[in-house]
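Step one of this worksheet: look at the structure below.
The values are calculated or read from the model by the stated rules, or taken from the named source; none is laboratory data. In this text the structure is predicted, and so the values were computed from the model without any measurement. Don't worry about glycine lacking a Cβ; one is built from the backbone with ideal geometry, like all the others, and counts go over all protein chains shown. Accessible surface is based on the protein model in full, side chains and every heavy atom, while ligands, DNA and RNA are left aside. Shrake-Rupley method; radii C 1.70, N 1.55, O 1.52, S 1.80 Å.
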Amino acid sequence: DKGGWPSFMAKEVSEEPEAVANTLRGRMRDGQVVIPELDGLDGLFAGITRIIVIACGTAAYAGMVGKYALEQWTRVPVDVELAHEFRYRDPVIGADTLVVSISQSGETMDTLMAVKYARERGAKTLSICNTQGATIPRESDAIVYTHAGPEVAVASTKAFVAQITALYLLALHIGRVRGSLSPTEAAQQVLELEAIPDKITRILHLEQARIEQFAAWMADTRSVLFLGRHVGYPIALEGALKLKEISYIHAEGFAAGELKHGPIALIEPGQPVFVIVPSPRESALLHSKVVSNIQEIRARGARVIAVAEEGDAAVLPFADEVLRIPLAGPLFEPLLAVVPLHIFAMGLATAKGLDVDQPRNLAKSVTVE
Ligand code: M6R
């Protein structure tokens, strides 16, 4: 049931605040993270020397975002790999490896095969999954469910923000179990997480209609590029995937620092480029680097669409369009910056008259390898 929305995707984007809130619910007590499903499983986290996150598509981008938080709060090195690549390259894993899989459906065959493989090789496995009782969680040593609710549209939206939320909860939990994070530090991050749902709601209220109009105006565009740095990089990849998936427009995401190593050759007058701009308050250095990237592409005629924090005036002279997100700590910006990109992809596909829920050639859950 679309609940009055024109598409499941529109409904699911509107549910992004609840997807985060419901994934947090029941997992925080007195300012600390408490994950009931992980009760008695501290042994899974005690002896590990590395974490490998495996997933496909959008879930893999959630994993890339999660890596920053996992490494920062647990001090355990983290690799993020596409499940189908991991499985076939004889990876170095064993009892000291925690393999975290991420899957909305819990049925993605590539991810399932990678989890089974990791288990056979003696690794510990933990599944982040949105579907109760699905195959991947059943094959894993531990489960942390995302509570985004059923996701029907092929393009994953609310599951993505729920996956990042679950990864952050897991990172805080492991950080506390291993003692790499103090209770005070953990409590600060919990406050940031709790504030996210209202901030997403604010984007939907203040920016959705404007972004949809802007997307409709761009409906004839043939190619769109997305740039981001640090946690903004996986968001750039996600923005590009969503756009190609439902609007059939060529789209590519890049790490902003890669520009001069190749992609800047693509910039010609009129080329639309979305740039995810880090907070100037939280990371002045990263912010100044991204602003100079914007200047470089602007000088070559790019049409810059900046996704920037409210009040960031430094982007104004160089951006043709600024999509605003509320203030948040640096690790939490991805949960906000992705929302305008989801709205944009949906708005553009809708303006082209396409079926946003059932894009051509794609299935909601990929159950073959
Ligand atoms: O069910 P899963 O999370 O395992 O699915 C993984 C990918 O197939 C999925 O995220 C896909 O990339 C989406 N259609 C992207 O919007």
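About the Cα centre of the stretch 65-211, how large is the charge dipole given +1 on each Lys and Arg Cβ and -1 on each Asp and Glu Cβ? Please answer in debye to the nearest 20.
On the way: 15 positive and 17 negative charges, 22 e Å.
I would put it at about 100 debye.
Where does the charge balance sit around GLY179 when Lys and Arg score +1, Asp and Glu -1, over other residues with C-beta under 13 Å from its C-beta?
Working: positive: ARG75, ARG176, ARG178; negative: ASP42, GLU185.
Once positives and negatives cancel, what remains is +1.
Using a 1.4 Å probe, how large is the accessible area of MET109, given in Å² and rounded to the nearest 10?
50
Of LEU70, LEU172, LEU285, which is the most mobile in a GNM of the chain whose springs link Cα atoms less than 10 angstrom apart?
Ranking LEU70, LEU172, LEU285 by mean-square fluctuation puts LEU285 first.
For the stretch 256-369, which whole percent of the accessible surface, found with a 1.4 angstrom probe, sits on carbon and sulfur atoms? Numbers along the way, then the final one.
Working: 2540 of 4610 Å².
C and S fraction of accessible area: 55 percent.
Suppose every Lys and Arg Cβ carries +1 and every Asp and Glu Cβ carries -1, with no other charges. What dipole size does the chain come out with about its Cα centre, to the nearest 20 debye?
Numbers: 35 positive and 44 negative charges, 73 e Å.
So the dipole magnitude of the chain works out to roughly 360 debye.
May I ask you to give the average projected area over all directions of the convex hull of the Cα atoms of the chain, in nm² rounded to one decimal? Write down the numbers at each step before the final one.
Numbers: hull surface 69.6 nm².
With every direction weighted equally, the projected area is 17.4 nm².
Does the stretch 11-102 classify as rounded, prolate or oblate by the C-alpha gyration tensor (a ≥ b ≥ c root eigenvalues; a/c under 1.5 gives rounded; else a/b over b/c gives prolate, otherwise oblate)?
Working: a/c = 2.28, a/b = 1.24, b/c = 1.83.
Oblate.
Hey, if you put +1 on the Cβ of every Lys and Arg and -1 on every Asp and Glu Cβ in the chain, which of LEU191, VAL76, ALA256 ends up farthest toward the positive end of that dipole?
It is ALA256, whose Cα lies furthest towards the positive end.
So, with a 1.4 angstrom probe, what is the percent of accessible area on the stretch 52-178 that is carbon and sulfur? Intermediate values should be presented prior to the final figure.
On the way: 1910 of 3920 Å².
Roughly 49 percent, rounded to a whole number.
Roughly how many debye, to the nearest 20, is the charge dipole of the stretch 286-347 about its Cα centre, given +1 on each Lys and Arg Cβ, -1 on each Asp and Glu Cβ, and no other charges?
Working: 5 positive and 7 negative charges, 44 e Å.
Value, rounded to 20: 220 debye.
Filter the chain for me: DSSP H helices, axial length by Cα at least 24 angstrom, mean Kyte-Doolittle hydropathy not below 0.5. List them by residue number.
Values: long enough: 57-74 (25 Å, 0.01); 158-178 (30 Å, 0.98); 183-217 (48 Å, -0.16); 333-351 (28 Å, 1.53).
What comes out of the filter, once short or polar helices are dropped, is 158-178, 333-351.
Find the eigenvalues of the gyration tensor of the Cα atoms of the stretch 135-268, then list the square roots of 5 times those eigenvalues as equivalent ellipsoid semi-axes, largest first, in whole angstrom. It would help to have the intermediate numbers written out before the result.
Numbers: eigenvalues 205, 77, 61 Å².
Output for the stretch 135-268: semi-axes of 32, 20, 17 Å.
Work out the count of Lys pairs in the chain where the Cα-Cα distance is under 15 Å, with the pair 8 or more places apart or on different chains.
11
Under 8 Å for C-alpha pairs, at least 6 residues apart: give me the relative contact order for the chain, rounded to a whole percent.
Working: 757 pairs, mean separation 71.8, N = 369.
RCO, the chain: 19 percent.
Compute a Gaussian network model of the chain, connecting alpha carbons closer than 10 Å, and tell me which residue from GLU81, GLU185, GLU120 fluctuates the most.
For the chain, modelled as a Gaussian network with Cα springs under 10 Å, the answer is GLU120.
With every protein chain present, what is the per residue accessible area of the stretch 239-369 (1.4 Å probe, Å²)? All intermediate terms of the calculation are to be shown ahead of the outcome.
On the way: 5090 Å² over 131 residues.
Solvent-accessible surface per residue comes out at 39 Å².
Per residue, how much accessible area does the stretch 193-237 show when a 1.4 Å probe rolls over the protein heavy atoms, in square angstrom?
Details: 2060 Å² over 45 residues.
Averaged over the residues of the stretch 193-237, the accessible area is 46 Å².
If you roll a 1.4 Å probe over the heavy atoms of the protein chains, what accessible area per residue do you get for the stretch 1-142, in Å²? Walk me through the numbers before you get to the answer.
Numbers: 5710 Å² over 142 residues.
I get 40 Å² per residue for this part.
Report, in whole Å, the centroid distance computed from the Cα atoms of the stretch 270-289 and the stretch 201-224.
Cα centres, the stretch 270-289 to the stretch 201-224: 19 Å.
Given the options SER7, ALA59, GLY122, identify the residue whose Cα lies farthest towards the positive end of the charge dipole of the stretch 1-126 (+1 on Cβ of Lys, Arg; -1 on Cβ of Asp, Glu).
GLY122
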